[in-house]
Amino acid sequence: MESTYNFLDHRLKPSVHCDAIDDDFHPVSNLISSDQRTLDVGFMAYSVTKPPVQIVFTLHCPIVVHRLKLWVHMGALKTTAVDVYIQNKRGTFDKVGCGESPSAEIFEFVNNRRISPTSASIDFRTAQFSLFPTVGYLLASCSTIKLVLKKTTRCVPVLRKVECWGQPARNCPKDLKDTIQAMWYKPAVPQEIVTSIASEKPQAVTADTPEEFLDELTCDIMTIPMILPSGKLVDQSTIEKHNQQEQKWGRQASDPFTSLIYTETRKPIFNAALKSRIDQFLIKHSNVAQFQQVPRTVGTNLRVASINLNSNILPKLSRKRKLDCDPPELNLSCSSLESAVRKALATTTRYTLALDTGKDPFENACHSCMKSRGNFYKIATCQHLICRDCLDAQAQSPSNCCKCSCGIRFERKSVEKHHVS
């Protein structure tokens with residue numbers, strides 16, 4: 001009996017395409033990634049995308065489909081209905097299966113001609129569906145599979161993982177089948193070498209993360225857990241990213257699960273109790289490699305900086321501090337406090353007293369009445385200013401000659417209009 005392979009494994013070089021815009025951190029290429037951590041992240045559509053969403057897989061060669069397995073949940077997000085299509089010889093797609101379940105986390109589509117439903121692994125999380133028996137010719141030679149994510153639990157379409165198990169089709173040449181087998185199986189390593197390597201290399205320490213510590217949107221450990229108005233738990237960075245995306249589209253900040261706008265009574269709240277449990281868990285498992293890169297809100301930059309201050313750095317800091325922010329040195333040569341205060345006040349600028357600038361106080365005012373506003377005239381003989389009222393009073397005198405307040409006489413024709421600046 002021929003071996004079966006997962007033709008969506010990265011070793012068999014499949015390709016994938018999606019007709020919708022995907023999230024920046026959950027592109028559709030994650031479903032066929034060679035990195036296990038990237039593969040576990042899965043696919044998530046953009047935050048404003050609504051179902052249906054089409055995902056097309058192109059296989060390395062035509063295959064006989066035995067089983068198609070889909071992980072349709074991602075935290076609190078879940079796809080509840082999926083349709084399966086296979087491309088025919090004309091280039092169009094024919095529907096070969098469909099499934100819908102609001103509670104199942106795994107959808108398993110089985111070809112009853114190749115595998116019996118009872119032999120498939122079933123648990124309470126898995127919902128099993130049979131592929132249509134009337135399209136056996138498509139299941140016997142399949143090179144392109146299309147998945148349509150039709151319904152969700154009021155969220156964006158998600159698909160955490162997908163597998164397609166089967167065998168190369170009958171019309172595939174033998175050398176192609178040998179190539180598939182060589183790509184799938186790695187060269188065997190002698191058991192003695194495996195045992196020696198295992199004995200020399202220490203086992204990596206791992207720990208299971210409680211599900212309550214994970215962001216219900218990104219499935220990452222939360223740094224600052226927040227309770228949304230919908231009751232979901234997400235990290236503060238997730239809320240900020242969602243608000244930025246909403247702002248790009250001209251919308252107000254809202255709950256990513258219900259799309260309800262935040263108000264004073266309906267807004268995210270910090271979960272202090274959960275934050276303390278997360279910190280306690282991270283401290284307890286601080287030696288585990290998978291938790292060493294988890295961001296912390298309480299950093300150690302200050303402690304590290306104080307440790308790294310050596311003798312070469314301290315003189316530079318002291319010199320810079322002396323130049324930049326040290327107060328001037330005090331002069332304590334005075335005999336008493338009173339004399340020191342007087343000496344300090346003598347060199348201090350006083351803003352409450354008029355400053356003696358050496359300018360004529362009558363430069364921009366009437367020399368007679370000291371008026372500084374109104375119409376002014378300049379006397380040519382003494383260069384003083386006189387206002388209109390004082391000039392009219394001088395003009396009423398019986399003599400033809402007027403007298404300035406400085407004592408110099410002037411004639412009326414020697415007065416010119418002057419504009420005070």
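The values are calculated or read from the model by the stated rules, or taken from the named source; none is laboratory data. In this text, all values refer to a predicted model and were calculated from it rather than measured experimentally. Heads up, the Cβs are rebuilt from the backbone with ideal geometry, glycines too, and the neighbour counts pull from every protein chain shown. Quick note on the areas: whole protein, heavy atoms, side chains included, nothing else; ligands and nucleic acids left out. Shrake-Rupley method; radii C 1.70, N 1.55, O 1.52, S 1.80 Å.
Each residue, residue 154 and residue 34, gets one label point 7 Å from its Cα in the Cβ direction; the gap between the two is 4.3 nm.
In a fully extended conformation the segment linking residue 10 and residue 112 would gain 34.1 nm over its present Cα-Cα distance, using 0.36 nm per residue.
Accessible area per residue for the range 5-162, computed on protein heavy atoms with a 1.4 Å probe, is 45 Å². Near residue 69: Cβ cut-off under 15 Å, other residues only, Lys/Arg at +1 and Asp/Glu at -1. The net charge is 0.
Considering only DSSP states other than H, G, I, E and B, which chymotrypsin sites (Phe, Trp or Tyr not before Pro) in the range 245-296 qualify as loop sites with at most 15 other Cβ atoms within 10 Å?
When the chymotrypsin sites (Phe, Trp or Tyr not before Pro) of the range 245-296 are filtered for loop state and at most 15 Cβ neighbours within 10 Å, 249 remain.
Within the range 1-147, the percentage of alpha carbon pairs spaced more than 22 angstrom apart rounds to 41%.
The figure for residue 96 is an accessible area of roughly 0 square angstrom, using a 1.4 Å probe on the protein chains alone. Per the 1.4 Å probe, what fraction of the accessible area of the range 1-46, in percent, lies on carbon and sulfur atoms? Summing carbon and sulfur atoms, their accessible area is 49 percent of the total for the range 1-46. Modelled spin labels at residue 251 and residue 176, positioned 7 Å past Cα toward Cβ, are 4.5 nm from each other. Label-to-label distance for residue 258 and residue 279 is 3.0 nm, based on points extended 7 Å past Cα in the beta-carbon direction. One decimal place: the segment residue 396-residue 134 gains 81.7 nm when fully extended, by the rule 0.36 nm per residue minus the C-alpha distance.
Residue 5 contributes about 10 Å² of solvent-accessible surface, heavy atoms of the protein only, 1.4 Å probe. Shown are 238, 58, whose ranking by accessible area with a 1.4 Å probe and every protein chain present, most to least, is 58, 238.
How big is the dipole moment of the range 1-89 about its Cα centre under a simple scheme where the beta carbon of each Lys and Arg is +1, that of each Asp and Glu is -1, and everything else is neutral? Debye, nearest 20, please. Could the numbers behind the result be given before it?
Working: 8 positive and 9 negative charges, 51 e Å.
I would put it at about 240 debye.
For the range 62-136, the square roots a ≥ b ≥ c of the C-alpha gyration tensor eigenvalues yield an a/c of 1.5 or more together with a/b not exceeding b/c, which makes the shape oblate.
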